[in-house]
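Encoded as structure tokens, the structure appears first; notes follow it.
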Amino acid sequence: MKKVIILNKKEGETPLECLESFRLKHKEYKGVKMTYAGRLDPMASGVLVVLAGDEVYKKEKYLGLPKEYNFEILFGFATDTYDILGKVTRQDLVIKRRQELEKSLKDNLKYFKGNFIQKYPVYSSRTVNGKPLFTYAREGVKLEAPEREVSVKSLKFTKLRVIGAPSLLKNLEKRIPRVQGDFRQKEILKIWEKNLKKNKHKFFVGNFSIKCGSGTYVRGIANDLGVKMGVPALAFSIKRTKVGKYS
């Protein structure tokens, strides 16, 4: 029996669903104490470190490991979750031209390197007074989100691609229903449909890679980069490629 198991969490799964799926396929772990070290959002995929047996008591050591991600940012929309699984809060159909957008990107990436203060997304599991932030957000309670210092070793922009509104809607209609449980999926899909169904605009999607310290919210960086640039933005896809030495 392995004490450290590296799983590839699928988009749409929660970390717990990923762990339980593994346990069902591997009967030798039945009744064995297990946990995952480091969350991944439902719409994120990639490396999930799972601990078994006595190793669960060393969870803090694994939580502190550095992380690497490949991710995409969609420009033109912002949501309350900072990714596609959220309600649209802002949109801008008159996006800058490619050259302008690329220049603005390169000019503003510097603000997200090194050590800086990042606010927790309001839709996150960070607790305040014993309750996760997302419960306050769902109840409509406005709360000043806590913040922490995060560390980004490198953040690289590689390319921009274009996606038309019909293709974007088709993409979202395929991916959002992968999430099980109550994440407002039906309501969110209706909002996306309203914004994109008769839309003839095209949108830019940027590709990025990041090496960062523990606790850094990639979707938070996507949203905040857009704020710096003056363009609504969200995390279109996130894949964790490495946790410490595990890939």
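Worth pointing out:
- Lys/Arg +1, Asp/Glu -1 at C-beta; the chain dipole; positive extreme among Gly114, Ser237, Val32: Ser237
- The distance linking the range 154-172 with the range 174-247 is 10 Å (Cα centroid to Cα centroid, whole angstrom).
- Helix-only [θ]222 nm of the chain, DSSP H runs n ≥ 4, -39500 (n - 2.57) each, per residue, nearest 500: -8000 deg cm²/dmol
- Size estimate for the range 172-216 follows the Kirkwood approach: the inverse of mean 1/r over distinct Cα pairs works out to 13.6 Å.
- Equivalent ellipsoid dimensions for the range 4-63 as semi-axes, Å, which come from the Cα gyration tensor, largest first: 18, 15, 8
- Taking the range 77-93 and a reference point 7 angstrom along Cα→Cβ of Lys198, the backbone N atoms nearer than 20 Å belong to 88, 91-93.
- Nonlocal amide H pairs with Ser45, under 5 Å, H built at 1.01 Å: Ile238, Lys239, Arg240
- Shape call, the range 87-165: gyration tensor on alpha carbons, a/c limit 1.5: oblate
- Those residues of the range 1-31 whose amide nitrogen sits under 17 Å from the label point placed on Phe134, 7 Å along Cα→Cβ: 9-20
- Note on the range 83-220: Kirkwood radius taken over Cα pairs, Stokes-Einstein applied at 37 °C and 0.692 mPa s, translational D equal to 189 µm² s⁻¹.
- Over the range 49-129, the pair-distance histogram of Cα-Cα distances with 10 Å bins from zero comes to 12, 28, 36, 16, 7, 1 percent, rounded to whole numbers.
- For the chain, taking Cα atoms only, Rg and Dmax work out to 18.5, 57 Å respectively.
- Extension gain from Arg161 to Glu60, taking 0.36 nm per residue of separation minus the Cα-Cα distance: 32.5 nm
- With each label modelled as a point 7 angstrom along the Cα→C-beta vector, the Asn115-Glu149 pair spans 0.3 nm.
- With at most 15 other Cβ atoms within 10 Å, longest stretch of the chain clear of loop GluC sites (Glu not before Pro) (DSSP): 1-138
- Exposed-loop-free span, longest in the chain, where trypsin sites (Lys or Arg not before Pro) count as exposed if DSSP calls them loop and at most 10 other C-beta atoms lie within 10 Å: 31-96
Coordinate-derived values only; no laboratory data. Treat the numbers as computed from the prediction; the structure is a model and nothing was measured. Positions of Cβ are generated from backbone atoms using ideal geometry, with glycine treated the same way; all protein chains shown enter the neighbour counts.
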